[in-house]
1. To the nearest 20 Debye, how big is the dipole of segment 79-185 about its Cα centre, given +1 on the beta carbon of each Lys and Arg and -1 on that of each Asp and Glu?
2. For segment 96-149, which GluC sites (Glu not before Pro) are in a loop by DSSP, counting at most 13 other Cβ atoms within 10 Å?
3. How about Lys185: which lysines have a C-alpha closer than 26 Å to its C-alpha, ignoring those fewer than 8 places off in the same chain?
4. Can you give the FRET efficiency to the nearest 0.05 for Ser213 and Glu106, using r as the Cβ-Cβ distance and R₀ = 45 Å?
5. At 0.36 nm per residue, and after removing the present C-alpha to C-alpha distance, how many nm does the segment from Glu184 to Asp15 gain when stretched out fully?
6. I'd like the distance separating the alpha-carbon centroids of segment 105-158 and segment 179-220, in whole Å.
7. In the chain, with Lys and Arg counted as +1 and Asp and Glu as -1 at Cβ, which of these residues, Gly87, Phe20, His210, has the Cα nearest the positive end of the dipole, that is, farthest along it?
8. At a threshold of 8 angstrom on Cα-Cα distance, excluding pairs fewer than six apart, so keeping six or more, what relative contact order does segment 159-232 reach in percent?
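Read-outs throughout are calculated quantities, based only on the coordinates presented, and are distinct from any laboratory measurement. The structure presented is a predicted model; accordingly, all values stated were derived computationally and were not measured. Quick reminder, even Gly has a Cβ in these numbers, built from the backbone with ideal geometry, and neighbours come from all protein chains shown.
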Amino acid sequence: MSDAVMSEPVISCVDLHKSFAEGDLHVDVLRGINLQVSRGESIAIMGTSGSGKSTLLHLLGGLDLPNKGEISIVGKNTTSLTDAERGKLRNESLGFIYQFHHLLPEFTALENVAMPLLISDNCDADTAARSASELLEKVGLGDRLQHKPGELSGGERQRAAIARAMVTRPECILADEPTGNLDEKTADQVFELMLELKQDVGTSFIMVTHNQSLAEKMDKTYQLHDGLLEAY
C-alpha cells in the first residue's frame with residue numbers, strides 16, 4: 001500500500017443525504033455521509049448490494065444531486081453549479097470506470113479513448129489522438145488501436161475503458177466495480193494496471209467493490225451500512 005499524498009481534498013462531502021420516493025414508498029439511502037479524499041489517495045467503499053454504493057459514487061461525481069448536504073470537487077461546490085457547469089467540471093477533473101466498459105461500439109479503441117479530450121475546449125484532434133495512442137500503448141493495446149470494442153476481449157475492453165478514464169489526467173477516478181465482470185486473473189491484472197497509472201499520473205481513486213482483497217490494496221477502506229460510512 002502506498003502512502004497517500006495529503007493535500008486539500010480533491011473530493012469532499014459533508015452531511016450527504018439521498019432518498020428516493022415512489023408513491024407511498026420512501027427510502028433513505030444515504031443518511032449523513034462525510035468523506036474527504038486527498039490528492040493521490042485511494043479509497044475503497046464496500047457494502048452489500050442495494051446499500052447505496054453506486055448512488056454515493058454518482059453523487060460524488062456530480063451525476064446526481066443530494067437531497068441535503070454539500071459536495072466539492074477540487075474546491076468547487078457542485079450542488080450550486082448548473083448542469084452544464086457540472087458537466088464541464090466532470091470532464092476536466094474526473095474519470096469514470098464502470099463494471100461494463102461502456103465503450104461506443106461504432107468507434108475504434110483509439111477514438112473511444114480520445115473522446116473525452118475531443119469534447120473538451122482545449123484539445124485538437126491530433127493532440128487527442130496522440131495522447132490516446134500513448135495511453136493505449138501503456139495499457140498494452142498499442143497493436144489494437146483501430147479495433148472496435150466487438151473485436152476486443154473483455155480484459156482488453158476494460159483496459160481501453162481505463163485508458164479513456166485516465167486520458168484527461170483527471171484529479172480523481174471514480175470506479176464502480178471496475179473488475180466485477182472479469183475473471184480473477186484478468187481482474188488482478190486490470191487492477192494492478194489501475195494502480196500503476198495512479199502512480200504515474202498522481203490521480204486519486206474512489207472504488208466501489210465487493211472484492212475485499214482488492215479493497216485491502218487501497219489506502220483506506222470504508223463500509224457503507226445503513227446509509228452511513230464506517231471505517232473498515
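1. That gives a dipole near 100 debye.
2. Of the GluC sites (Glu not before Pro), the ones in loops of segment 96-149 whose Cβ has at most 13 other Cβ atoms within 10 Å are Glu106.
3. Cα-Cα hits under 26 Å: Lys53, Lys138, Lys148, Lys198, Lys217, Lys220.
4. Rounded to the nearest 0.05, the efficiency is 0.80.
5. Net length gain for the segment: 57.2 nm.
6. If we compute the Cα centre of each part, the gap is 21 Å.
7. After comparing all options, I get Gly87.
8. Dividing the mean separation by the residue count of segment 159-232 yields 30 percent.
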